[in-house]
Structures are given as C-alpha cells and as structure tokens.
1. Quick check, is THR206 among the hydroxyl-bearing types (Ser, Thr, Tyr) and under 29 Å from SER119 (Cβ atoms)?
2. Select from segment 76-98 the residues that are acidic (Asp, Glu) and within 11 Å of ligand 1 (Cβ to nearest atom) and write down the one among them that is surrounded by the most Cβ atoms within 10 Å (Cβ to Cβ).
3. Pull up segment 244-280, narrow it to residues that are within 14 Å of ligand 1 (Cβ to nearest atom) and touching an Asp or Glu at 6+ places or on another chain (Cβ under 7 Å), then point me to the one that is farthest from ALA113 (Cα to Cα).
4. Filter segment 326-342 down to residues that are over 17 Å from ILE291 (Cβ atoms) and assigned to a loop (DSSP other than H, G, I, E, B), then give me how many there are.
5. How many residues are within 19 Å of ALA332 (Cα to Cα), small (Gly, Ala, Ser) and assigned to a strand (DSSP E or B) when one looks only at segment 98-135?
6. Determine, yes or no, whether THR241 is within 16 Å of ligand 1 (Cβ to nearest atom) and of a type in the set (Ser, Thr, Tyr).
7. Just to be sure I understand, how many residues within segment 299-322 are closer than 13 Å to GLY14 by Cβ and of a type outside the set (Gly, Ala, Ser)?
8. Going by the conditions given, is LYS62 outside any strand (DSSP E or B), of a type in the set (Lys, Arg), surrounded by fewer than 23 Cβ atoms within 10 Å (Cβ to Cβ) and modelled with pLDDT of 95 or more?
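The values are calculated or read from the model by the stated rules, or taken from the named source; none is laboratory data. Note that the structure is a prediction, hence the values are computed from the model and not measured. Cβ coordinates were reconstructed from backbone atoms using ideal geometry, including for glycine residues, and neighbour counts include every protein chain displayed.
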Amino acid sequence: STPSLLILPGDGIGPEVMAEVRRIIDWYGTKRDLSFDVSEDLVGGAAYDVHGAPLSDDTMAKAQDVDAVLLGAVGGPKYDSLDFSVKPERGLLRLRKEMDLFANLRPAQCFDALADFSSLKTEVVSGLDIMIVRELTSGVYFGEPRGIFEEGNERVGINTQRYTESEIERVARNAFELAMKRDRKLCSMEKANVMESGVLWREVVTRVGADYPEVELSHMYADAGAMQLTRWPKQFDVIVTDNLFGDMLSDLAAMLTGSLGMLPSASLGAPMANGRPKALYEPVHGSAPDIAGQGKANPIACILSFAMALRYSFDQGDEASRLEAAVERVLAAGHRTADLLGEEGRAPLSTSEMGDAILA
Ligand code: NAI
Ligand code: MG
C-alpha cells in the first residue's frame with residue numbers, strides 16, 4: 001500500500017522550508033513513480049490559533065496512524081506569554097510522549113563544501129560523520145515532582161532527573177544497533193560522578209553492551225564529552241546520552257557542521273505492525289522568527305529530514321542517499337542560502353531557489 005506521511009509545517013519558517021519538501025515529494029511522484037499518501041495538519045502556534053491547543057486530539061490520532069510524521073518547527077514571539085500548558089512546544093512534546101519516541105537521532109555530518117564554514121578548523125571537521133542518540137521521553141524534562149513551590153518565605157523551582165532501567169536499556173539498545181551498522185564505536189555520556197541517574201545509566205549501558213561484543217564501548221562524563229567534541233570530534237562514531245545532556249551536546253555538535261539550517265533529526269519509537277519504528281522527522285532548528293516570511297530560510301535541514309524518513313520509515317535507502325548526494329552536489333557547486341555565507345558579499349539563494357537547485 002502507499003506509504004503514509006503526515007506533514008505538520010508549524011510556525012515561522014516551518015511552512016517555508018516544508019514547501020520545498022512538498023515539491024520534492026511531488027517530484028518523486030511524477031519522476032520516480034514513488035508516491036506518498038500525504039496529509040497536512042496544524043501544530044504549535046498555528047494549531048493554538050485555531051483550536052486553542054498546540055496539538056488537537058484529532059491530529060494526535062492521525063500521527064499515531066501514519067508511517068511517518070514530518071514536522072517543520074513550532075513557536076514564536078507571539079506565543080511566548082502563553083501558559084506553559086498550551087505553549088507551541090507542548091504540541092511537539094505531546095507527539096514525542098504519546099508516540100513514545102524515545103530515541104532522538106541527530107547526525108552531525110560535515111559536507112566538505114562547508115568545512116571552511118565551521119567554527120572549528122577545517123582539519124578538525126572535514127569528513128566528520130557522527131551520530132548523537134539522545135534519550136527523548138524521560139529525564140529531567142519530564143520527571144516529577146516539578147513546579148515552582150512555596151518554601152518558607154521564598155519560592156523554589158524544581159525539576160527531577162529520573163530514569164528507569166528499562167528506559168535506559170531501550171535507548172542503549174537502539175544506539176548499539178546503530179553502531180553495528182556504522183563504525184562499531186559507541187561512547188556513552190553521563191555524569192556518574194555526581195548523579196545517581198548517571199550511575200544507573202552507566203551500569204545499564206555496560207550490561208546491554210555485553211550483547212554487542214563487536215562494538216567498542218566507552219564512557220565519558222558529559223562535560224568532558226563537550227570538550228572532546230570540540231577538540232577532536234572525529235574520535236566519536238555514535239554517542240548515546242540522556243535527554244538534557246543530549247539537548248546540549250547535539251546543539252554543540254550542530255555548530256561543528258556550520259549551520260542549524262543544515263541539520264536533520266529523527267525521533268524513533270517502538271516497531272509498528274509493519275516492523276518499522278514509529279517515527280517523527282524534523283529539522284533541529286526552530287521557527288527562526290528573525291528571518292520568517294522573508295524567503296531566507298535554508299530548506300536543507302528539512303529536506304535532509306525527509307531523506308532520513310526515506311531511509312528509516314519507507315525502506316528507500318538508495319533514494320535517501322541520492323537526495324543527500326544532490327544536496328552535496330548543490331553545495332559543492334557553490335550554491336548558498338544566507339545562513340551559509342557569513343560575511344561574504346555574494347548574493348544568497350532564497351529558500352525556493354535552493355529548492356530549485358536541489359530539484360535540478
Ligand atoms: P532557531 O533555531 O529558530 O533560530 C536560531 C538562529 O538560527 C536564528 O538566527 C535563525 O535565523 C537561524 N536559523 C535557524 N534555522 C534556520 C534555517 N533553516 N535557515 C537559516 N537560518 C536559520 O532558535 P531560536 O531563535 O532560539 O528559537 C526561535 C523559536 O523557535 C522559539 O519560539 C523557540 O521556542 C522555537 N524552537 C522550536 C524548535 C522546534 O520546533 N523543534 C526548536 C528550537 C526552538
Ligand atoms: Mg535544543
């Protein structure tokens with residue numbers, strides 16, 4: 001049957017970058033005879049404006065039903081003063097939580113044409129290809145108790161870092177499986193020196209590692225990991241870490257490769273009836289209110305997120321590689337959106353011109 005895809009463009013530049021993905025999807029339908037059953041819906045502020053909630057129950061149900069969800073970005077200044085329970089981000093958190101997307105895959109790959117653009121020396125990043133696996137549905141962003149409470153004559157803000165063994169085990173297993181398909185090297189990062197959850201994390205990852213003797217497993221404190229990632233990132237292949245550290249380390253890794261506008265991600269859950277994981281794909285960047293509506297956004301992160309969907313949800317690894325190669329070729333030919341030009345005086349491509357170049 002035709003593979004199904006739910007598209008949630010969201011806010012700010014989300015709809016702008018997603019429009020370029022729609023053109024690529026159409027291209028697949030007419031030029032490759034590869035069709036998708038595509039539906040589109042609201043998320044984030046766009047959904048709040050219509051439904052008073054950042055994700056309607058109806059949209060949630062659709063997301064549970066499709067082979068893959070592709071999301072643009074959510075949020076914007078217009079929604080900053082909303083109550084936490086209806087903030088745009090809550091739409092995304094609800095998708096992750098209810099689809100149980102516990103493993104967030106963030107590749108940090110340096111396209112050679114952009115090696116000069118990285119904030120690090122060319123030799124440190126050229127040829128870089130690492131994958132950060134971030135636990136996504138537990139840890140300090142979800143642990144209870146949480147809140148701002150009265151304590152004596154002042155208030156206290158509380159979040160709780162909490163991990164069960166099974167939560168650690170399933171994300172560790174996912175990371176080991178990935179390492180088996182790559183360079184068979186896995187580095188687990190936590191802070192076992194000062195956190196109980198870190199002690200348990202290290203113990204469980206080590207135990208799971210016994211099932212993967214071919215994978216070379218190492219452990220690192222997450223703060224030291226941040227240093228090593230900027231010193232010599234090519235020492236890593238796959239990194240597995242918790243929700244909070246993964247959030248920061250993957251943003252750090254983002255800057256190794258140049259621009260937020262280049263970075264895709266996948267969030268995977270348990271296998272569905274068809275054997276493939278529940279999945280949500282999205283660029284790492286946000287809604288970029290500073291450039292929204294100006295045709296300046298780089299659509300590559302969203303396009304590469306669709307490439308990951310081709311690979312992980314639609315069994316189209318070859319087409320995914322071809323799409324990635326098209327992006328590489330366009331960059332090698334010198335095409336750049338504004339975010340990839342820095343101080344250079346060249347005229348940048350608009351969002352749709354970059355889409356044109358990749359399609360061509
Ligand atoms: P951001 O990622 O939206 O923007 C950071 C900087 O990178 C901005 O200068 C922006 O112009 C630039 N940038 C990002 N994506 C780009 C692209 N595709 N092409 C060219 N330049 C790009 O992060 P920021 O500014 O912290 O947050 C803005 C809004 O987005 C906030 O409301 C935030 O809550 C939300 N957000 C949403 C995320 C999501 O939907 N997953 C993730 C991060 C932030
Ligand atoms: Mg982040």
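1. Numbers: among the hydroxyl-bearing types (Ser, Thr, Tyr): yes; under 29 Å from SER119 (Cβ atoms): no.
No; evaluated as a whole, the condition is false for this residue.
2. Going residue by residue through segment 76-98, those that are acidic (Asp, Glu) are 80, 83, 89, 98.
Subsequent filtering for residues that are within 11 Å of ligand 1 (Cβ to nearest atom) retains 80, 89.
Details: ASP80: 11, GLU89: 15.
Of everything passing the filter in segment 76-98, GLU89 is surrounded by the most Cβ atoms within 10 Å (Cβ to Cβ).
3. GLY246
4. Residues meeting the conditions: 3.
5. 1
6. Working: within 16 Å of ligand 1 (Cβ to nearest atom): no; of a type in the set (Ser, Thr, Tyr): yes.
No: the conditions fail for THR241.
7. Filtering segment 299-322 down to residues closer than 13 Å to GLY14 by Cβ leaves 299, 301-302, 305.
The next check asks that each one be of a type outside the set (Gly, Ala, Ser); those that pass are 299, 302.
Count: 2.
8. Yes, satisfied.
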